[in-house]
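One structure is given below, encoded as structure tokens.
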Amino acid sequence: LTTLFSYGLLFAFGHFRDFFRRILDAGKSSNLKGYAPICLGYEDFYTRRLYLRIQDCFGRPIASAPDAWFDVVERHSNDGNKTLQRTTKTSKCLNLGSYNYLGFAAADEYCTPRVIESLKKYSASTCSARVDGGNTKLHTELEELVARFVGKPAAILFGMGYVTNSAIIPILIGKVCGEQSILFVLFFSDTCWTNVF
């Protein structure tokens, strides 16, 4: 809600500033010498009135490895954010903008040797869907462990939420007796749906 309010405020003030800019520039000649203007009023409104004010939030340069924590280079502007100048200061930030938010992709004395061992033993194909990479002993062990943990006779695990939806929903929604119908019959012992990600 706060984001929408802030965006609406920037939008309203942008139009307010454009209105007064048109009044103040009404008496000035455009001096285009027969050429059409590059931008007409609203064509670059977003860039002039919104993006330039908040562009420091995007495309921020980093000064360290993209680990769980990384250093972001601070910038400043002397011309209303039209250009941003880098400073020598950095800020330590938590990396929530990639799949490496846990920091497993960085060199680590504990994780790195174990990852290399696992890659040699199981290969990188275990990161893909089982249809592509096959089933391994690890998949079976993990499903048995999860089933025991949630107190169910069996469990099936997927590597990501999209695969879960694309593999399960077509089974639950299908044709019955030649007619399209939606099946909401789930067979669980306690009528309990448990998502484990």
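When both residues are 6+ apart or on different chains and their Cβ atoms are under 7 Å apart, which pairs have a first residue that lies in the stretch 87-112 and is in a helix (DSSP H, G or I), and a second that is at pLDDT below 75?
Filtered contacts from the stretch 87-112: C111/F104.
If I filter the stretch 64-89 down to residues being over 26 Å from T47 (Cβ atoms) and either open to solvent by 70 Å² or more (accessible area, probe 1.4 Å) or in the same structural domain as T47 (by the TED database) (or both), which single residue comes out as farthest from the chain's Cα centre (by Cα)?
Going residue by residue through the stretch 64-89, those that are over 26 Å from T47 (Cβ atoms) are 64-71, 88-89.
Pick out the ones that are also either open to solvent by 70 Å² or more (accessible area, probe 1.4 Å) or in the same structural domain as T47 (by the TED database) (or both) and you get 66, 69, 88-89.
Working: P66: 16, W69: 17, T88: 29, K89: 27 Å.
My answer is T88.
Mind listing just one residue for me: the one in the stretch 90-116 that is open to solvent by 100 Å² or more (accessible area, probe 1.4 Å) and of a type outside the set (A, V, I, L, M) and, of those, modelled with the highest pLDDT?
Taking the candidates together, the pick is K92.
Within the stretch 149-159, can you find the residues that are in a helix (DSSP H, G or I) and free of Cβ contacts under 8 Å to residues at least 40 places away in the same chain?
Scanning the stretch 149-159 gives a single hit, F149.
So is V146 surrounded by 10 or more Cβ atoms within 10 Å (Cβ to Cβ), outside any loop (DSSP other than H, G, I, E, B) and modelled with pLDDT under 70 or not?
Against the criterion (surrounded by 10 or more Cβ atoms within 10 Å (Cβ to Cβ), outside any loop (DSSP other than H, G, I, E, B) and modelled with pLDDT under 70), V146 does not qualify.
Can you give me the number of residues within the stretch 117-135 that are among the hydroxyl-bearing types (S, T, Y) and at pLDDT 80 or above?
Selection size over the stretch 117-135: 1.
The values are calculated or read from the model by the stated rules, or taken from the named source; none is laboratory data. Note that the structure is predicted; figures quoted are calculated from it, not measured. Neighbour counts run over all protein chains shown; Cβ positions are idealised from the backbone, glycine included. Only protein heavy atoms, including side chains, enter the accessible area calculation; ligands, DNA and RNA are left aside. Shrake-Rupley method; radii C 1.70, N 1.55, O 1.52, S 1.80 Å.
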